[in-house]
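Comments concern the structure below.
Nothing in this text is a laboratory measurement; each read-out follows from the coordinates by a stated rule. Remember, predicted model here, so these are calculated numbers, not experimental data. Ideal geometry is used to build each Cβ from the backbone, glycine not excepted, and the neighbour counts take in all protein chains shown.
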Amino acid sequence: MGRNPMRAAVTLCAAAALAIPLGTARAAPSAEQPTPPPTRRTQDPVLVDCAWQPEVRPGAFLLACGDGNSRLVSLHWLSWDANAAVGRGTNAVNDCDPYCAAGTFHSYPVTVRLDQPQPWEKDPGERHYTRLTLTYTDGRPDGSPRVVTYPLWA
């Protein structure tokens with residue numbers, strides 16, 4: 001390896017890293033072949049998050065985009081189709097006592113239902129769920145009904 005084995009090892013790693021993209025370029029279709037039309041990301045509706053990103057079967061979802069004081073975590077989806085999605089998870093809710101920055105998060109098991117899919121304004125070729133319903137299955141935040149329905153942003 002010569003007088004500086006470290007330099008030789010770094011050079012070898014750099015050469016290997018450069019070879020990977022070259023190998024992929026050879027596998028790319030030639031310029032004469034037509035490019036296939038873009039395909040829709042999914043046949044089923046998506047859930048649009050606070051950052052306006054479409055998601056399918058997310059593991060977590062922020063309900064309170066402004067302050068983060070209510071979120072769904074540990075989501076496990078039982079079904080997800082063209083009409084509705086149903087899953088289970090936990091609603092982590094800040095009690096904001098004595099105020100939100102000093103509050104405590106409490107966890108409540110929930111069943112989650114997404115429905116009423118509509119074309120998404122940002123991408124009309126994509127449909128998104130427009131309603132979310134939570135059913136608290138064991139305890140719930142103070143003053144909250146057992147079933148809560150929220151409209152979802154477009």
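Summary table below
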quantity: Area projected by the alpha carbon convex hull of segment 54-116, averaged over all directions, nm²; calculated: 4.7 nm²
quantity: Segment 93-145: Rg to Rh, with Rh as the Kirkwood radius over Cα pairs; calculated: 1.17
quantity: Rg/Rg_globular for segment 47-151, with Rg_globular taken as 2.2 N^0.38 Å and Rg from C-alpha atoms; calculated: 1.10
quantity: Qualifying trypsin sites (Lys or Arg not before Pro) for segment 61-154 [loop in DSSP, other Cβ within 10 Å: at most 16]; calculated: Lys122, Arg146
